[in-house]
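K.L.:
What follows is a single structure, and I will ask about it in a moment.
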Amino acid sequence: MNKEFITLSVIIIALFIAGLNYTSLLHTHMLNLLNGTKTLYLESVEAVEMTIDKHFNQAQMIENLQAQNVQYQQDRLFLESIATEYSELLAANESRMSFRTHVILGRAVSYAKFGERSKVWLEIPDYNPEKMYGLVVEGKSAGIVVERLGKPLALLNSDLKTSYAVYIGEAEVPGIARGKKSDEMVVEFIPTWMKIKVGDEVFTSGLDKLFYKGIAVGRVISVAQKQGYQVANITPYANTERLGYLFVIEQLD
C-alpha cells in the first residue's frame, strides 16, 4: 500500500515538473505567482525598514531639537541679562533707544527666469512694495529684496544689480558690495588711505538701511587699486543654492 502511494506521488510530481517545463501557460502562471509573492515580501520588508528608519530619525530629530531648545533658553537668559544691564545703563545716563529693525520670515517660491539662479520670487507676509529689504540666509547676508510687478523679488549676491553697504575688517573700512554673476562679490569705493588685506572679514554696515550692522557677508580674497579708490574681491558666506525659508530684514522708519 505504501509502495503504491509512493509510486503515485512520484508520478504526480514528475507530471507536475513536466507541466512546468512544457506547458507555457502553467509555467507563466507559476512565475507570476512566485514573483508576486517576492514583490509582496520585498515591499513588506521595505515598509518595515522605512518605519524603523523613520522612527529612529524622528527620535534623533527630537533629541537634536531638545538640545537646541536648551541652548536657545540659555542664550535667551544671557541676552535678557544683557538687555537688563543695558536698560539700567540707559536709565542711569537718562538716554533712550528705539529699535528700528523688523525681522520677517519669508519663503522662496521659484526662480524668476528659467536658468537664471540669481533672481528668486519670494512670499513675504504684509509685503510693502514701496520698501527694499535685506535678505539673510542662515545668519549670512544673501542679497536684497526689490519690487517687481508689485511682488517681492530677491536679487541674490550673484546678481549684478545687488548692492549694499559693508564694512571691512576690524577698522570698519567702508565700501559698497555688489554681485558679479559668479561665486564672488566685489566691494568698491573703498578709500585708498584705509588699509585692508586678504583675509579680512566683511560685514554689513547698516548705513543703507537695508540691514542692521554686523551681519556676516564674506572674506576678502584679493585687493586692487582702481581710479582713486580700492576694490576688493570677496567670497560670500551665504549658500543660496538651496533656498527654502529665509529671513527678510526691514528697517523701520
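The values are calculated or read from the model by the stated rules, or taken from the named source; none is laboratory data. In this text, all values refer to a predicted model and were calculated from it rather than measured experimentally. When we count neighbours, we look across all protein chains shown, and the Cβ atoms used for this are built from the backbone with ideal geometry, even at glycine. Note: accessible area is taken over every heavy atom of the protein model, side chains too, but ligands, DNA and RNA are not part of it. Shrake-Rupley method; radii C 1.70, N 1.55, O 1.52, S 1.80 Å.
K.L.:
Taking region 165-186 on its own, how many of its residues are assigned to a strand (DSSP E or B) and either touching a residue at least 24 places away in the same chain (Cβ under 8 Å) or open to solvent by less than 50 Å² (accessible area, probe 1.4 Å) (or both)? Show your work before the answer.
P.N.:
Start the filter on region 165-186 by keeping residues that are assigned to a strand (DSSP E or B), which leaves 165-168, 173-179, 185-186.
So of that shortlist, the ones also either touching a residue at least 24 places away in the same chain (Cβ under 8 Å) or open to solvent by less than 50 Å² (accessible area, probe 1.4 Å) (or both) come out as 165-168, 173-175, 177, 179, 185-186.
Number of matching residues: 11.
K.L.:
Looking at region 59-107, which of the residues that are modelled with pLDDT under 75, among the hydrophobic types (A, V, I, L, M, F, W, C) and in contact with a Leu (Cβ under 9 Å, 6 or more places away or on another chain) is least open to solvent (accessible area, probe 1.4 Å)?
P.N.:
Only one residue tops the list, namely Met97.
K.L.:
I've got another one for you. Could you list, in sequence order, the residues of region 202-215 that are surrounded by 15 or more Cβ atoms within 10 Å (Cβ to Cβ), under 18 Å from Glu188 (Cα atoms) and more than 22 Å from the chain's Cα centre (by Cα)?
P.N.:
Ser205, Gly206, Asp208
K.L.:
Return yes when Glu250 is under 22 Å from the mean Cα position of the chain (by Cα) and either more than 25 Å from Val103 (Cβ to Cβ) or at pLDDT 95 or above (or both) and no when it is not.
P.N.:
Numbers: under 22 Å from the mean Cα position of the chain (by Cα): yes; either more than 25 Å from Val103 (Cβ to Cβ) or at pLDDT 95 or above (or both): no.
No, not satisfied.
K.L.:
If you check Glu123 against the conditions, is it modelled with pLDDT under 95, acidic (Asp, Glu) and more than 20 Å from the chain's Cα centre (by Cα)? Steps first, please.
P.N.:
Working: modelled with pLDDT under 95: yes; acidic (Asp, Glu): yes; more than 20 Å from the chain's Cα centre (by Cα): no.
Here the answer is no, as Glu123 does not meet what is asked.
K.L.:
Let me ask something else. Between a first residue in region 226-237 that is at positive phi and modelled with pLDDT of 95 or more and a second residue that is part of a strand (DSSP E or B) and open to solvent by 40 Å² or more (accessible area, probe 1.4 Å), which pairs have beta carbons less than 8 Å apart while being 6 or more apart in sequence or on different chains?
P.N.:
Sorted first by the residue in region 226-237, then by its partner, the list stays empty.
K.L.:
Of all residues being within 14 Å of Val187 (Cβ to Cβ) and of a type outside the set (A, V, I, L, M, F, W, C) in region 224-236, which is least open to solvent (accessible area, probe 1.4 Å)? Just the residue, please. Before you say what the answer is, go through the steps one by one.
P.N.:
So in region 224-236, the residues within 14 Å of Val187 (Cβ to Cβ) come out as 224-226, 229-236.
Within this subset, residues satisfying the condition of being of a type outside the set (A, V, I, L, M, F, W, C) are 225-226, 229-230, 233, 235-236.
Numbers: Gln225: 129, Lys226: 86, Tyr229: 40, Gln230: 12, Asn233: 40, Thr235: 58, Pro236: 28 Å².
Going through the qualifying residues, I end up with Gln230.
K.L.:
Can you list residue pairs whose Cβ atoms sit under 6 Å apart, with the first residue in region 121-133 being open to solvent by 40 Å² or more (accessible area, probe 1.4 Å) and the second being of a type in the set (D, E, K, R)? Count only pairs 6 or more apart in sequence or on different chains.
P.N.:
Glu123/Arg107; Pro129/Glu147
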